[in-house]
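Participant: Quick one: structure below, then a few questions.
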Amino acid sequence: MNGQSGRVRSRIARGIGANAFTHAIIAVVQLAIVPALASQWGLQLYGWWVLVSTIPSYVALGDLGFASAAGVDMTIKVAQGDRAGALKTYQNAWIMVTILSVALMIVCFSIAWLLPARYLATSTVDASTFRTVVTLLTAQSIVALQGSILLAGFRCNGMYALGTMTQAWIMLGEGLALILVVTFGGGPVLAAATLVGCRISGVAAQFVLLSVKAPWLNLRGRRVSLAEIKRLLRPSLGIICFSGAQATFLQGTTIVVGAAMSPASAAVFSSVRTLTRIGVQSTLLLNRAVAPEFSIVSARSDRSAQARIIGLTVLSSTLLLLPAAAALFALGPTLIRIWTVNTVQAPYSLIATMTAVMMLHGFWMPLANCLIAINKHAKFSQVYLGSSLAAVAAAYPLTRALDETGAAIALLVLDATMLTVVSTILLTRLCNMREIFDALRKDLSSLKAKLLRKFTF
C-alpha cells in the first residue's frame, strides 16, 4: 500500500514539475512575443495578426472533443486493468480525429481561397497574404489535432508528465522561432510557415517517443467500431461545448473589440488578457497533475480522495491568485508599459476588471477540470457555451460604450456565472463542504505532524 502511495505521489510530483515548466514556458513565450511582434510590425499589423491567429483555436474544435474524452476513458480503463479496451478507444479516437481533420482542412482551405479578394484585403495586408497565412495556420492546427491523441496515450500510460513536457518543448520551439523570424525581418507569411514547421517536427517526435515508451498503444490492426465511437460521443460533445466556449470568449472578445474599435484596441485588450491569464495558468499546475489521479480514485469510488483533491485545488488556487491579484491591482499599468516597451498603454479600469476576471476564472476552471477528468462535464459545458456566446454578444455594445473595459465587464459576468454553476455541481454530485473541510484538516494535521518530527531535536 505504501509502495502504491509512493508511486502516486511520485507521478503527481513529476506532473507538478512538468506543469510548472510548461507554465514558465508559456509565460515567457507570451511575454516575449507581444513586445517583439508589436515593436517590429507596429500595432496595426500586430493587431491584425492577433485577430487572424484566433483561427487555430477554432480549428482545434475540429476533433469534436474525441481526443480529450478518449484520454479520460483510456486512463480509467488502464486503472481497471483493461488495456485492450484502452487500445480500442485509442484506435477509434485516432480514426475519428483523422477523418474530422481532413474534412475540416478541406472546408477551411476552400473558404480561404474561394472568397473574393475584396472581403479579405485590408489596409494592412493584401488578400494573397491573408489567404496564405490562414492556410498555414490551419495546417498547424490540423497537425496539433493529431498531437492531442498522442497526449491521451501518454496520460493513460502514467506518463502525463512526459507528455506535458514534450508539449512544452514544442511551444517553446514555436515561440522562439517566431520571435527570431520576426526580429530578422520576417513577415506574417514566414512567421506562419515557421509555426507549421515547428509543429510538424514536434508531433513527429511525440509519436516516436510514445511508440518507444508504450508500444502496446499502436495503430496496427485498427478497426472502426461504431459502438465505441457512439459511446465516446456524449463526453466528446461535452468537450466540444467546453472548448467552443473557451475559443468563443478567448478569441471572440478580441474580435469584437477589434470590430467595435480598431485592431490596435484589440492588441491592447489581448495584451492585458495575456498578462492576467498567466495567473490563471498558475492555478493549473497542481490541478492538471492530479487530474489523472482524480480519474483513478473516481473509478474506484473513493469519495474521501475526491474530497481531498477538490480541497487542495481550492487551497492552491487561493494561495496563487491572491498575490498575483495584489501585484496587478497595485502595479498593473506600470508592468504593462515596461513589458511592452511603452508600445501598449492600457487604462487602469481595464487592468482592474481583467484582474477580477482572473480571480474568478482561476477558481472555477481547476474545479471544472475535476469534472472533465471523470467525463461528467456535459451539463456545465452547455451552460458555459451559452454563457460565452452571450458574453461575446454583450461585449460589442459594452465596448462601444466603455471602450476595452466593456469587454472585460462581459467576461466578469461570464466567470461569476460559471463559478456558481461548477461549484453547485461539484457539491451536489461528488462531495459536500463538510467532506472537503475534513479532508483538508486531516492533510494539514498530517503535514504539521511531519514538520514537528522533522524539526524537533
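Participant: State all residues of the range 399-411 that are surrounded by fewer than 21 Cβ atoms within 10 Å (Cβ to Cβ) and either in contact with a His (Cβ under 7 Å, 6 or more places away or on another chain) or of a type in the set (A, V, I, L, M, F, W, C) (or both); if no residue qualifies, say none.
Facilitator: Listed by number, the residues that qualify are Ala401, Leu402.
Participant: While we're on this one: Kindly indicate whether Pro35 is modelled with pLDDT of 80 or more and either in a helix (DSSP H, G or I) or open to solvent by 40 Å² or more (accessible area, probe 1.4 Å) (or both).
Facilitator: So Pro35 fits the description; yes.
Participant: Checking the condition under 30 Å from Leu402 (Cβ atoms) and within 19 Å of the chain's Cα centre (by Cα), which residue from Ser270, Ser265, Ser349, Ser316 passes?
Facilitator: Result: Ser270 is the single residue among Ser270, Ser265, Ser349, Ser316 that is under 30 Å from Leu402 (Cβ atoms) and within 19 Å of the chain's Cα centre (by Cα).
Participant: Could I ask something else about it? Among the numbered criteria (1) open to solvent by 30 Å² or more (accessible area, probe 1.4 Å); (2) under 25 Å from Thr75 (Cα atoms); (3) over 21 Å from the mean Cα position of the chain (by Cα), which single criterion is violated by Arg288?
Facilitator: Of the numbered conditions (1) open to solvent by 30 Å² or more (accessible area, probe 1.4 Å); (2) under 25 Å from Thr75 (Cα atoms); (3) over 21 Å from the mean Cα position of the chain (by Cα), the odd one out for Arg288 is (3).
Participant: So, one more: Could you tell me whether any residue of the range 128-148 is part of a helix (DSSP H, G or I) and in contact with an Asp or Glu (Cβ under 8 Å, 6 or more places away or on another chain)?
Facilitator: Yes, the conditions are met somewhere in the range 128-148.
Listed here are the residues, each with its yes/no results for (1) free of Cβ contacts under 8 Å to residues at least 40 places away in the same chain; (2) aromatic (Phe, Trp, Tyr); (3) in contact with an Asp or Glu (Cβ under 9 Å, 6 or more places away or on another chain).
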| site | (1), (2), (3) |
| --- | --- |
| Arg300 | no, no, no |
| Arg303 | no, no, yes |
| Ile309 | no, no, yes |
| Val314 | no, no, no |
| Ala326 | yes, no, no |
| Leu331 | yes, no, no |
| Asn342 | yes, no, no |
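Participant: Check the range 273-282 and report whether any residue there is in contact with a Phe, Trp or Tyr (Cβ under 8 Å, 6 or more places away or on another chain) and surrounded by 22 or more Cβ atoms within 10 Å (Cβ to Cβ).
Facilitator: Looking for residues that are in contact with a Phe, Trp or Tyr (Cβ under 8 Å, 6 or more places away or on another chain) and surrounded by 22 or more Cβ atoms within 10 Å (Cβ to Cβ), one finds at least one in the range 273-282, hence yes.
Participant: Looking for something touching a Gly at 6+ places or on another chain (Cβ under 9 Å), over 27 Å from Ala289 (Cβ atoms) and basic (Lys, Arg) - is there at least one such residue anywhere in the range 377-384?
Facilitator: no
Participant: To continue, here is another question. Quick check on the range 188-210. Is at least one of its residues outside any helix (DSSP H, G or I), farther than 21 Å from Met105 by Cα and touching a Leu at 6+ places or on another chain (Cβ under 9 Å)?
Facilitator: no
Participant: Within the range 163-196, which residues are under 14 Å from Trp49 (Cα atoms) and touching an Asp or Glu at 6+ places or on another chain (Cβ under 9 Å)?
Facilitator: Leu195
Participant: Out of the residues in the range 313-331 that are of a type in the set (A, V, I, L, M, F, W, C) and under 12 Å from Phe363 (Cα atoms), which is most open to solvent (accessible area, probe 1.4 Å)?
Facilitator: The residue in question is Leu319.
Participant: Also: I'd like to check something: does the range 332-341 contain any residue that is more than 13 Å from Met418 (Cβ to Cβ), surrounded by 17 or more Cβ atoms within 10 Å (Cβ to Cβ), at pLDDT below 90 and aromatic (Phe, Trp, Tyr)?
Facilitator: For the range 332-341, residues more than 13 Å from Met418 (Cβ to Cβ), surrounded by 17 or more Cβ atoms within 10 Å (Cβ to Cβ), at pLDDT below 90 and aromatic (Phe, Trp, Tyr): present.
Participant: Follow-up question, since we're still on this one. Can you pull out every residue in the range 333-346 that is part of a helix (DSSP H, G or I) and under 27 Å from the mean Cα position of the chain (by Cα)?
Facilitator: Selection gives Pro333, Leu335, Ile336, Arg337, Ile338, Trp339.
Participant: Tell me, please, whether a residue that is at pLDDT 90 or above and open to solvent by 60 Å² or more (accessible area, probe 1.4 Å) can be found in the range 361-381.
Facilitator: The answer is no; no qualifying residue exists.
Participant: Which one of the conditions (1) surrounded by fewer than 22 Cβ atoms within 10 Å (Cβ to Cβ); (2) touching a residue at least 60 places away in the same chain (Cβ under 8 Å); (3) among the hydroxyl-bearing types (Ser, Thr, Tyr) does Ser388 fail to meet, given that it meets all the rest?
Facilitator: So Ser388 meets the others, but not (1).
Here's the yes/no breakdown for (1) open to solvent by less than 20 Å² (accessible area, probe 1.4 Å); (2) modelled with pLDDT of 85 or more; (3) within 17 Å of the chain's Cα centre (by Cα); (4) under 26 Å from Val107 (Cβ atoms):
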| site | (1), (2), (3), (4) |
| --- | --- |
| Thr138 | yes, yes, no, yes |
| Leu151 | no, yes, yes, yes |
| Ala161 | yes, no, yes, no |
| Leu172 | no, yes, yes, no |
| Gly185 | no, yes, no, no |
| Ala227 | no, no, no, no |
| Leu233 | no, no, no, yes |
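Participant: Looking at Ile351, Ile425, Ile436, which one is open to solvent by less than 40 Å² (accessible area, probe 1.4 Å) and at pLDDT below 85?
Facilitator: Of the residues listed, the single one that is open to solvent by less than 40 Å² (accessible area, probe 1.4 Å) and at pLDDT below 85 is Ile436.
The values are calculated or read from the model by the stated rules, or taken from the named source; none is laboratory data. Because the structure is predicted, anything quoted here is derived from the model rather than measured. Backbone-built Cβ (ideal geometry, glycine too); neighbour counts: all protein chains shown. The accessibility values were calculated without ligands, DNA or RNA, using every heavy atom of the protein model including side chains. Shrake-Rupley method; radii C 1.70, N 1.55, O 1.52, S 1.80 Å.
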